[in-house]
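Presented below is the structure to which this report refers.
The values are calculated or read from the model by the stated rules, or taken from the named source; none is laboratory data. Just so we're clear, the structure is a prediction, and the values are computed from it rather than from any experiment. Note that each Cβ is placed from the backbone with ideal geometry, even for glycine, and that neighbours are counted across all protein chains shown. The area values use the complete protein model at the heavy-atom level, side chains included, leaving out ligands, DNA and RNA. Shrake-Rupley method; radii C 1.70, N 1.55, O 1.52, S 1.80 Å.
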Amino acid sequence: MYSLLSHNSRTLFALALALACTLAAVAQPPARRKAAENKEQTAAQSAPKGSAYRDFPTAAAMPEDVSWRRDIYRSLDLTKDANAPLYYPTTPTNGRENLFTYLFKLLLRGQVKAYDYKLDGNEDFSEKNIVKAKELMDRYHIFYEQKDGKIRVTDSDLPSDEVKVYFIKESTYFDQHTATIRKKVTALCPVLKRGDDFGGADSQYPMFWVKMDDVAPYLGKLMLMGSNLNNAAMMSADDFFTLNRYEGDIYKTVNLQDRILANYCTEDSAMKKEQARIEKELDDFDRHVWGKDSVAPDTIRVTLVRDTTATVTKAPSRRRTSSTSRRSSVSSKSSSSSKSSSKSSSSKSTSTKKAKTPKTRKPSTSSRSGGGYSVRRERH
């Protein structure tokens, strides 16, 4: 009887609690209920569907405990054919847009973070160095409209045609976990090129840094034209950087003095020479990490040929014993007799000299196969 009453009381308590929750939900103000419904509907509509739901793969992250690494900074000139896919089209057309337009839209939507460019040129990915898109537009005089706390920028107002250079930070490292040498772009900085009001030469204005690991998943969705001859050949911006399809000149390396190349290369010839030297250091490490430079292939082949020749030449001398001494004695007698005959009569013909010179027999077939020589024995 007691258990039955307990069960009934628990059931009544649960029903009372459910009724109270229902009344509380009904008792909410209509505006709050409508806002909650709108929020749920917006979340359902903005949820990714189909192929957009899949994550785009990116390059493997660089381990923190690599045994060797070299960091360099390159300047990519977008007027070069190799870097042209990052520049065109300057105005979005037919669903295509260039890298700067795509990056700035990511900043406006708050999907990636931009970091201020310092005077020393070093990237600083700390929270205190984050710069907002509105601050960038005010700094570089980009026209925008602001309404109800939202910023709106048209594609024609973005200075995509003025961003003709990119600074990148490139890390070449040896991953001891996989025993491979990899090259990875770790940071990216768009650079404006603008002239002054008096018609002077264009000046460079680095805008901001972005971490490649932050933007790589989005760059996997930006398709670039990969060929002038085949307009159907497309590749993603992430693949463009991962496969190192770009061409850029080195302007700085990470060094103890924190110097750029222009600090100690005052002439163009010296700059080109220093850039070539750094490129050669990277190539040499890639080729020599497995010890390939110990002996060149041509030297190995020549050495093997010489060793084989020496072995063939010296092999018969090891197998000759008493017959060798007999042959040497006969040869010495022959040489002495030829010398004496040459001294006594220098006017004799060559045929006479050959007749007087004793001949030695050539090695027989059996002796050649055995590696020795047979000498004719004469009785005295």
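See the values below:
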quantity	calculated
Separation in nanometres of the label points that stand 7 Å from Cα toward Cβ, at ASP155 and ILE181	4.3
Ranked by how many other beta carbons lie within 10 Å on average, peptides 208-218, 170-180 from highest	208-218, 170-180
Other-chain or far-sequence residues with amide H under 5 Å of ALA187's (modelled H)	LYS169, MET212
Cut-off 13 Å between beta-carbons: net charge of the residues surrounding LEU103, Lys and Arg +1, Asp and Glu -1	+2
Rounded accessible area of TYR246 (nearest 10 Å², 1.4 Å probe)	20
Ellipsoid equivalent to region 80-122 - semi-axes via the Cα gyration tensor, in Å	23, 17, 6
Proximal aspartates and glutamates to LYS113, defined as alpha-carbon separation beneath 16 angstrom and excluding residues fewer than eight positions away on the same chain	GLU123, ASP124, GLU127, GLU135, ASP213, ASP214
Normalised contact order of region 77-208, rounded percent, pairs of Cα under 8 Å and 6 or more residues apart	20
Over region 185-238, volume per residue of the alpha carbon convex hull, in Å³	126
Cα-Cα over 24 Å, subset of LYS211/LYS272; LYS134/LYS184; LYS80/LYS252; LYS118/LYS164; LYS118/LYS193; LYS147/LYS193	LYS211/LYS272; LYS134/LYS184; LYS147/LYS193
Radius 12 Å from Cβ of LEU224, net charge of other residues (Lys, Arg +1; Asp, Glu -1)	0
Rg/Rh ratio calculated on Cα atoms of region 133-209 (Kirkwood radius)	1.18
Computed over region 138-177, the ratio Rg/Rh where both radii use C-alpha atoms and Rh is Kirkwood	1.31
Segments 86-93, 33-40 sorted - mean Cβ within 10 Å per residue, highest first	86-93, 33-40
Heavy-atom SASA rank of VAL289, VAL131 (probe 1.4 Å, accessible area, largest first)	VAL289, VAL131
Region 74-159 shape via C-alpha gyration tensor axes, a/c threshold 1.5	oblate
Cα-based reach from LYS132 at 14 Å (exclusive), listing aspartates and glutamates while leaving out same-chain residues under 8 positions away	ASP116
